[in-house]
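The values are calculated or read from the model by the stated rules, or taken from the named source; none is laboratory data. Note that the structure is a prediction, hence the values are computed from the model and not measured. Cβ placement follows ideal geometry from the backbone for every residue including glycine, while neighbour counts extend to all protein chains displayed.
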């Protein structure tokens with residue numbers, strides 16, 4: 001985790017000798033400030049707190065595009081269920097995934113944040129599991145239509161628009177998904193990855 005809480009409840013980033021506590025479980029955490037890995041917090045003892053899960057450089061890159069106060073955003077619902085969003089920005093929650101969770105978890109995360117009044121958006125990392133056989137087949141209006149050679153049923157459960165990070169400086173912003181027995185069709189357009197924060201969906205309404 002990159003963000004923890006001080007004794008008086010203020011958010012703080014990892015730095016040498018800081019005293020901090022996990023914003024999820026409340027246990028004291030240790031700042032890991034070495035010369036190789038990104039500075040982060042870790043629990044002093046092993047427990048089941050998901051707030052201490054490790055993250056990839058890909059996750060860290062994406063979080064770093066948004067202000068620190070928007071990262072690792074914890075909220076409880078009326079049933080005292082909790083989630084920590086990767087990013088919460090302008091009433092939008094962003095979830096970064098290298099591999100999508102199962103369908104029940106997809107629906108739970110989307111409903112959890114929507115019930116709290118947030119829009120929920122997925123950003124999915126390009127990997128062979130999903131995108132090895134992606135093929136552009138046509139153009140409709142301003143959107144390209146792509147086909148995967150096999151059905152990707154989980155895509156049908158994702159809120160749209162969602163984003164595919166192609167890891168070449170661009171994303172595909174997906175507006176429509178059609179899953180059929182012989183393949184999956186997605187309608188989307190390319191945008192520059194560094195421009196996502198200026199997309200219309202992300203403009204803060206004052």
Determine whether segment 25-41 contains at least one residue that is assigned to a loop (DSSP other than H, G, I, E, B), closer than 20 Å to residue 73 by Cβ, modelled with pLDDT under 75 and out of contact with any helix residue (DSSP H, G or I) (no Cβ under 8 Å at 6 or more places or on another chain). no
Of the conditions (1) modelled with pLDDT of 80 or more; (2) within 28 Å of residue 193 (Cα to Cα); (3) exposed (fewer than 11 other Cβ atoms within 10 Å of the Cβ), residue 54 fails just one. Which one is it? (1)
Going by what's in this entry, would residue 105 be described as closer than 30 Å to residue 160 by Cβ and at pLDDT below 85? no
Contacts under 7 angstrom Cβ, first residue in segment 155-173 being on the phi > 0 side of the Ramachandran plot and touching a residue at least 40 places away in the same chain (Cβ under 8 Å), partner outside any strand (DSSP E or B) and crowded, with 16+ Cβ neighbours inside 10 Å, 6 or more apart: 167/126
Answer yes or no as to whether residue 2 is surrounded by 12 or more Cβ atoms within 10 Å (Cβ to Cβ) and modelled with pLDDT under 80. yes
